[in-house]
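Asker: What follows is a structure written as structure tokens; I'll ask about it next.
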């Protein structure tokens, strides 16, 4: 018997592990291991678990239609696999490669050791554009394109029934998961993912390029499939190919009927590329979940963490309306658009001068679509610790004026400001009448931004050492659209002042 271990690929469509295992001519056991210890990690939360439950229900339904229900086991992965092996004599284990948090990385190492000691082959095909064992990014984009243009795997027609009892899927309370404050929980499962993808490609997405930056419009105009990519109810390949098909349809239309669709689809396709680009960073260097990518930033923020600032930021009481509205919306819905995610992290790291690790964990628990590779790569990018990206210190007042000029989003999520005069919606502390139930700004925006910029710039003053480390980082992680830059030194230092006042 073979085991197909479902992890972050909760679908039967375009599932290479399932298909290849079924071609071996022997019975297979579709297995999901619910690992309580994983759910006790500081980046996991109740909202992730609820989404997972929806996905598991639909996956079980899909497998049952093939003749074999999903077998659910609760416990440590090695213990579960060993128990099954003792009963069924496992010949091979199949699962897709996973780039998860450090806990899953160490768990996979333990499973690999168990497989070796029991003479069991563990097959781990790729399911996206991330490449295991990569030395550098040379040729990475071409390999991504090759993977994404392959024909998706069709599910098997039939699976032989394996006699094995499932454990009951525990409730969140049974594994000691604290209930979240989410009031608009996104629904999991493949059917919801397909529905969102189709509505985006054919209805909602035409103004994606123009409307994705503002939280006023982004909830409707963005695809909202990110959680489905994280949990694998949709494969990145099928999403990419659906986007390409739609693009061809648009190109065949009369110019007068094309609208803004072509531009929107190009933007969306580009973000599918970036999805794997950022996950690849964590795959290549798991330590960036915990450590600064560029070592010269070590010690810059770690020793003066302001808990009062952190508490205010976590609950949306910083006194800056756009920051507070975004964090409150995120708490309630589990989602906020990319630009606002960047602003939240930038504000925590620069204006509040908080080391990124604790804010990163807090956001990870709030994002229903939490994807470790994207998350920690972006956290470091928005905190200025990569050494190869432009420094972006988002001005929360400017972002508020640019992205929510009429205060629609702010009033929706900050009831304390619903009746404030429009002239002061972005700067309520300037209103002639004090708002008793909304806080004053916890820092002076301009002064905090300048102080942060000076501190970050001071790290880069030793150009020779700084650039030497940066060259290693860009060789390992940098984009290769135009190859390695020949003027890397100039590029690194010119970035410092580029985006200080977004």
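Asker: Within segment 278-321, which residues are assigned to a helix (DSSP H, G or I), modelled with pLDDT under 95 and either more than 25 Å from the chain's Cα centre (by Cα) or within 30 Å of residue 200 (Cα to Cα) (or both)?
Answerer: Across segment 278-321, the qualifying residue is only 296.
Asker: Is it the case that residue 392 is surrounded by fewer than 24 Cβ atoms within 10 Å (Cβ to Cβ) and more than 14 Å from the chain's Cα centre (by Cα)?
Answerer: For residue 392, the condition - surrounded by fewer than 24 Cβ atoms within 10 Å (Cβ to Cβ) and more than 14 Å from the chain's Cα centre (by Cα) - is met.
Asker: For residue 94, indicate whether it is touching a helix residue (DSSP H, G or I) at 6+ places or on another chain (Cβ under 8 Å), closer than 16 Å to residue 18 by Cβ and surrounded by 16 or more Cβ atoms within 10 Å (Cβ to Cβ).
Answerer: yes
Asker: Within segment 350-427, which helices (runs of 4 or more DSSP H) (wholly inside it) include 1 or more residues that are more than 26 Å from residue 334 (Cβ to Cβ) and at pLDDT 95 or above?
Answerer: 396-403
Asker: Also, I was wondering about something else. Just name the residue that is nearest to the chain's Cα centre (by Cα) out of those in segment 34-59 that are crowded, with 24+ Cβ neighbours inside 10 Å and within 12 Å of residue 70 (Cβ to Cβ).
Answerer: Here the residue is 55.
Asker: Restricting to segment 15-30, name every residue that is surrounded by 23 or more Cβ atoms within 10 Å (Cβ to Cβ) and in a loop (DSSP other than H, G, I, E, B).
Answerer: Scanning segment 15-30 gives a single hit, 15.
Asker: What number of residues within segment 103-148 are closer than 21 Å to residue 88 by Cβ and not in a helix (DSSP H, G or I)? Please lay out each step first, then the result.
Answerer: Step one: filter segment 103-148 for residues closer than 21 Å to residue 88 by Cβ, giving 110-124.
Imposing the further condition that a residue be not in a helix (DSSP H, G or I) reduces the set to 118-124.
Number of matching residues: 7.
Asker: Got at least one residue in segment 87-97 being under 16 Å from residue 283 (Cα atoms) and not assigned by TED's automatic domain parsing to the domain that holds residue 360?
Answerer: Yes, there is a match, as at least one residue in segment 87-97 is under 16 Å from residue 283 (Cα atoms) and not assigned by TED's automatic domain parsing to the domain that holds residue 360.
Asker: Follow-up. Residue 199 - would you say it is in contact (Cβ under 8 Å) with a residue 24 or more places away in the chain and either out of contact with any strand residue (DSSP E or B) (no Cβ under 8 Å at 6 or more places or on another chain) or under 13 Å from residue 265 (Cα atoms) (or both)?
Answerer: Values: in contact (Cβ under 8 Å) with a residue 24 or more places away in the chain: no; either out of contact with any strand residue (DSSP E or B) (no Cβ under 8 Å at 6 or more places or on another chain) or under 13 Å from residue 265 (Cα atoms) (or both): yes.
No, not satisfied.
Asker: Kindly check whether there is at least one residue in segment 173-185 that is closer than 27 Å to residue 27 by Cα and either surrounded by fewer than 12 Cβ atoms within 10 Å (Cβ to Cβ) or assigned by TED's automatic domain parsing to the domain that holds residue 334 (or both).
Answerer: no
The values are calculated or read from the model by the stated rules, or taken from the named source; none is laboratory data. Everything quoted here is computed from the prediction, not taken from an experiment. Cβ atoms come from the backbone with ideal geometry, glycine included; neighbour counts cover every protein chain shown.
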